[in-house]
C-alpha cells in the first residue's frame, strides 16, 4: 500500500511519517530538522528573488537607465544560464565528494560578495554614467548567478541525501508555498510602494533598497542551508575531469530514455518561455500601463505560485512526478496563449485600461502557477531517474544543456524589435506545445505510487 503523505501545511514539517524515514540512515529528529532548515532556505531565497526579480524589478531598472530590450532579455538569461551552464564543469568534481556542503559554503561567500557589489552599483547609478552602470549591474549579476550555478549540484545532492524520496514533492512545495506567500504579502506591496511615481525614495535609491533587502534574504537562506546535518555519501562516484564528462555525455543520453526525453522536453519548454521577461515591458510600453503595476503583477505571480504548491506537492507525492511533469507542462502553454489573446480580446470588447490590467494579471497568475509546478517537477523527476553514484554528472549535463537555451530571451529582444510582440509570443506558444508533446514520452519513475513501474531504459 502506498504511503499517504501528510498535507502540505506547516505541521507537515513535523509530520514526516516514520515509515518513510525508517529507510534513512539519519534519525527521525535529524530528518525533521533538516526538512525545516531546507524549507527555510527555500523560503528566504524565494523572497529574495521576488524583491530583485529579473523579469520585473531588474528589467525596469535597466530600462530606466536606458538599456535596450536585448539587455532586458539578457537579465533572466543570466539568471537561468548562470545557474545551469557551470554544472557540467563542476559535476565530475562534486560527485566524488563525500560531503557537499563545504563546496556550497565556498560559493555562498562569492554570491554574497557579488550581491553586495550589485547593491552598491545600483545605489551609485545616479553618479555613475548610465551605460557603465548597466554593464556593472550585468557583471555583478553574472557573478552572483554563476557562483550559484557552481553550488546548485551540491544543494541538490544534499537534498537527495537528507530528504526521503516520497517527501521531496512536499518539501519543494513547502519551500515555494511559504516563500510565495511571503513574496505576496511583503515583496509585492513593497515593490509597488517603492517604484510608484510618488514613492518614498528617488531613483535609483528605491531599487538599491530592494537589492539590499534581497541580500539579507539570501544571507539568511544560505545560513539555514549550511546548518543542515549532511550524512556522508555512501558510494561517491569517480572524480571526472571536464573533458571526461563531455565525452560521457552522449552515452548518458543514449542509455536512459527517460532522462533523454526529459532533457528534450525541458529544452523545448524553456524555449517556449523566451518572451516571459518582456511581459512587463509589453504591459508598460505597448499597453500603456503605469510602472507601479510591476508590484501588482509581482504579488499576483507570487500568490499564484504559492497557492499552486498546495496542489503540486501533493500531486507529486500521491500520483508521482511524471503526472506532475505533464500537468505543469500543460499549464506552461497558458502564459503565451493568454498574452496573445487577452489584450486583443479586451480591445475588441472595448473594456479599456481596466480590462487590460486584468488581462495581463491573468498572464502573471498563469506564470506563477506554471513556473512553480515546473520547478518542482524538474527537480524531483531528475532525482528519481538518475543513478545515485553518478547523480552529479547526470544533473550537471542536464542543467548545462538547459542553460544553453536560457540565453534565448536575448534573441527574443531582437525578435520583438523586428517582428513585434505578437509574433514573438506566438513562437513561445509553439515551443511550449512541442515541449508538452515531448514530455508524453516520459516513463514512470521507480518511486511512483499505486503500481507505477520503473522508468524505461534504452
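The values are calculated or read from the model by the stated rules, or taken from the named source; none is laboratory data. Being a predicted model, the structure only gives us computed values, none of them experimental. No Cβ is skipped: glycine too gets one built from the backbone with ideal geometry, and neighbour counts run over all protein chains shown.
Looking only at the stretch 195-216, which residues are under 17 Å from residue 295 (Cβ atoms) and part of a helix (DSSP H, G or I)?
195, 205, 206, 207, 208, 209, 210, 211, 213, 214
What pairs can you find where one residue is in the stretch 53-82 and under 22 Å from residue 296 (Cβ atoms), the other is in a loop (DSSP other than H, G, I, E, B) and at pLDDT below 75, and their Cβ atoms are less than 7 Å apart, with a gap of 6+ or different chains?
Once the first residue is under 22 Å from residue 296 (Cβ atoms) and sits in the stretch 53-82, its partners that are in a loop (DSSP other than H, G, I, E, B) and at pLDDT below 75 give 60/291; 76/55.
Looking at (1) at pLDDT below 70; (2) crowded, with 18+ Cβ neighbours inside 10 Å; (3) within 30 Å of residue 137 (Cβ to Cβ), which is the only condition residue 242 fails?
Result: residue 242 passes all but (2).
Could you pull out the residue among 429, 365, 395 that is out of contact with any strand residue (DSSP E or B) (no Cβ under 8 Å at 6 or more places or on another chain), in contact (Cβ under 8 Å) with a residue 24 or more places away in the chain and under 19 Å from residue 84 (Cβ atoms)?
Within the list 429, 365, 395, the selection yields 395.
Could you say whether any residue in the stretch 100-118 is out of contact with any strand residue (DSSP E or B) (no Cβ under 9 Å at 6 or more places or on another chain), assigned to a loop (DSSP other than H, G, I, E, B) and within 30 Å of residue 386 (Cα to Cα)?
Within the stretch 100-118 (the criterion being out of contact with any strand residue (DSSP E or B) (no Cβ under 9 Å at 6 or more places or on another chain), assigned to a loop (DSSP other than H, G, I, E, B) and within 30 Å of residue 386 (Cα to Cα)), the answer is yes, since at least one residue qualifies.
Determine if the stretch 355-362 includes at least one residue that is surrounded by 24 or more Cβ atoms within 10 Å (Cβ to Cβ), more than 19 Å from the chain's Cα centre (by Cα) and assigned to a helix (DSSP H, G or I).
Yes: the stretch 355-362 contains one or more residues that are surrounded by 24 or more Cβ atoms within 10 Å (Cβ to Cβ), more than 19 Å from the chain's Cα centre (by Cα) and assigned to a helix (DSSP H, G or I).
Counting only residues that are free of Cβ contacts under 8 Å to residues at least 24 places away in the same chain and touching a helix residue (DSSP H, G or I) at 6+ places or on another chain (Cβ under 7 Å), which one in the stretch 321-344 is surrounded by the most Cβ atoms within 10 Å (Cβ to Cβ)?
342
Counting only residues that are closer than 21 Å to residue 428 by Cβ and assigned to a loop (DSSP other than H, G, I, E, B), which one in the stretch 282-333 is nearest to the chain's Cα centre (by Cα)?
Among those that are closer than 21 Å to residue 428 by Cβ and assigned to a loop (DSSP other than H, G, I, E, B), it is 332.
If I filter the stretch 384-392 for residues that are modelled with pLDDT under 80, within 29 Å of residue 74 (Cβ to Cβ) and part of a helix (DSSP H, G or I), do I get at least one hit?
Within the stretch 384-392, one or more residues are modelled with pLDDT under 80, within 29 Å of residue 74 (Cβ to Cβ) and part of a helix (DSSP H, G or I).
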